[in-house]
Amino acid sequence: MIKAKELKEDALIDVRVNKSYYMMAKAASFTILQNMNITEKGDDYFKEIMTKKYEELDEMQRAFYTIVLLLAEIEKQATSTNQFTEKEILEPGDEGYVAPTLD
């Protein structure tokens, strides 16, 4: 017999994350989204994340949903504790815009 640790049913854990971890989680969500093949499977496939039960979703939908919930909680806490800064990002056509390069 082996023993495994599992969170209690009523456990709520506060997890502290820094900007690097937040950006890694955002990148992971983008990677999962790209691999979901939405253009191939259609918009309904993506919308199922909000309409179906978690258990009824496929593994990519569940992974994306899980990461999005994590990001939403991080952003909720960051907003409530005033941990966001706003910055302007120039777009093509804006005065002073410089196209990104690989240099």
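Read the figures in this text as sums done on the coordinates, not as results from a lab. If you're wondering where the values come from, they're calculated on a predicted model, not measured in any experiment. Neighbour counts run over all protein chains shown; Cβ positions are idealised from the backbone, glycine included.
Some notes on this structure:
- C-alpha long axis of helix 19-35 to longest principal axis of the chain, angle in °: 80 degrees
- Helix 59-80 vs. the chain, principal-axis angle (Cα, 0 to 90°, nearest 10): 70 degrees
- For the chain, built as a Gaussian network whose Cα springs stay under 10 Å, the top-fluctuating residue of LYS47, LYS26, LYS87: LYS87
- For the chain, alpha-carbon Rg over 2.2 N^0.38 Å: 1.45
- Cβ-Cβ distance of THR39 and ASP94, R₀ of 22 Å, FRET efficiency by 1/(1 + (r/R0)^6): the value works out to about 0.15.
- Potential extension, GLN77-MET1 segment - 0.36 nm per residue separation minus Cα distance: 23.3 nm
- Over 23 Å between alpha carbons, listed pairs LYS26/LYS76; LYS8/LYS47; LYS26/LYS87: LYS8/LYS47
- The stretch between LYS47 and THR85, if pulled fully straight at 0.36 nm per residue, gains 10.6 nm over its current Cα-Cα span.
- Candidates ILE13, ILE89, ILE32, ranked by Gaussian network fluctuation over the chain, Cα under 10 Å, top entry: ILE89
- Take every pair of alpha-carbon atoms less than 8 Å apart whose residues are at least six positions apart; their mean separation over the length of the chain yields a relative contact order of 23 percent.
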